[in-house]
Amino acid sequence: QVQLVESGGGLVQPGGSLRLSCAASKFTFSTSAMSWYRQAPGKERELVASISSTGGVTNYADSMKGRFTISRDNAKNTVYLQMNSLKPEDTAVYYCNARVPQRFGATVNYWGQGTQVTVSS
């Protein structure tokens, strides 16, 4: 059973920082692309950032560029999201996503349970 366990969320003031972690297990982490998504109340889930299996390629949603940094440690089976200069509109539940390769080029998506990030004074 694939497991993705997020941690590091919480309440932070505008302009503050948080570092989210996602500990992965029960699949081959080092060959899987990883992403962070978020979902605010009443809104659809949106991509925050993604990172390739080796960490060599990263992508960010436009509103996160320059503020958020995704990284991974394949030795620890963990992906991180460093969030700086947080804004109230960053308030959401943040989800870890694993895109696990299967045979014949297919992939399967797995999700963590989410961690709440609240940016408020």
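List of remarks:
- Leu47 vs. criteria aliphatic (A, V, I, L, M), part of a strand (DSSP E or B) and open to solvent by 50 Å² or more (accessible area, probe 1.4 Å): yes
- Where Ser25 falls short, out of the listed (1) open to solvent by 50 Å² or more (accessible area, probe 1.4 Å); (2) at negative phi: (1)
- The number of residues in segment 33-92 being farther than 17 Å from Leu4 by Cβ and among the charged types (D, E, K, R) comes to 9.
- Strands (runs of 3 or more DSSP E) fully within segment 1-44 counting 3 or more residues that are out of contact with any Phe, Trp or Tyr (no Cβ under 9 Å at 6 or more places or on another chain) and over 23 Å from Val100 (Cα atoms): 10-12
- Any pair with Cβ under 8 angstrom, 6 or more apart, that starts in segment 51-67 at a residue that is within 14 Å of Arg99 (Cβ to Cβ) and ends at one that is of a type in the set (A, V, I, L, M) and part of a loop (DSSP other than H, G, I, E, B): Ile51/Val57
- Residue selected from segment 50-72 under the condition open to solvent by 60 Å² or more (accessible area, probe 1.4 Å) and over 12 Å from the mean Cα position of the chain (by Cα), by the criterion nearest to Val108 (Cα to Cα): Thr54
- Counted residues, segment 88-121 - those being open to solvent by less than 40 Å² (accessible area, probe 1.4 Å), part of a strand (DSSP E or B) and among the β-branched types (Val, Ile, Thr): 5
- Search result, residues across segment 4-28 that are over 14 Å from the mean Cα position of the chain (by Cα) and either over 10 Å from Thr115 (Cα atoms) or at pLDDT below 95 (or both): Leu11, Val12, Gln13, Pro14, Gly15, Gly16, Ser17, Ser25, Lys26, Phe27, Thr28
The values are calculated or read from the model by the stated rules, or taken from the named source; none is laboratory data. Model, not experiment: these values are computed from the prediction. FYI the Cβ positions are ideal-geometry reconstructions off the backbone, even for glycines, and counts take in every protein chain you see. Each accessible area value is taken on the protein alone, full model and side chains, heavy atoms only, with ligands, DNA and RNA left out. Shrake-Rupley method; radii C 1.70, N 1.55, O 1.52, S 1.80 Å.
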